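What follows is one structure encoded as structure tokens, with my remarks underneath.
What follows is calculated from the coordinates using simple rules that are stated; it is not laboratory data. None of the values given here were measured: they were computed from a predicted structure. Using ideal geometry, Cβ is built from the backbone for each residue, glycine included, and neighbour counts are taken over all protein chains shown.
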Amino acid sequence: MRPLKAIAIVAITATPAYSQARNVCAARPVVIERLQSVYGETRQSIAMGGNGSVFETWANNDTGSWTLTVTMPNGMMCLATSGQSFERLAEALPPKGTVNRKRRR
């Protein structure tokens with residue numbers, strides 16, 4: 001988890017950051033700048049959480065490094081996890097009506 005450690009050091013020393021469990025948080029611009037300049041990661045996906053938080057996957061397609069972040073409504077961005085071997089997929093949905101769904105009883 002090399003990216004997580006490096007961002008943790010910057011977040012702790014450069015901004016009023018805090019740690020919650022395993023997450024390292026800092027102001028969104030600080031985290032984004034670090035992901036882009038040090039690791040060459042760009043945003044690959046984005047999704048809204050139910051509580052107004054934004055989940056994003058950042059990755060470097062050349063090195064395979066990736067980071068999953070969550071941004072809170074207050075603008076703080078936290079690192080959820082990171083790793084290696086990122087691979088972009090472009091899978092098509094199966095034809096309508098062909099998905100085998102198990103019913104809960």
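Under 5 Å between amide H atoms, partner at least 5 residues away or on a different chain: which partners does V24 have, H built in plane at 1.01 Å?
Amide H neighbours of V24, under 5 Å, 5+ apart: L79.
Taking the mean number of other Cβ atoms within 10 Å as a proxy for protection, how do you rank 38-51, 84-97 from highest to lowest?
Peptide ranking by packing, descending: 38-51, 84-97.
Roughly how many nanometres apart are two label points built 7 Å out from the Cα toward the Cβ at D62 and T98?
So the two model labels end up 3.8 nm from each other.
Amide H of S65 versus every other amide H placed in the peptide plane: which residues, excluding those fewer than 5 positions away on the same chain, fall under 5 Å?
Here the answer is N60, S85, F86, since their amide H atoms fall under 5 Å of that of S65.
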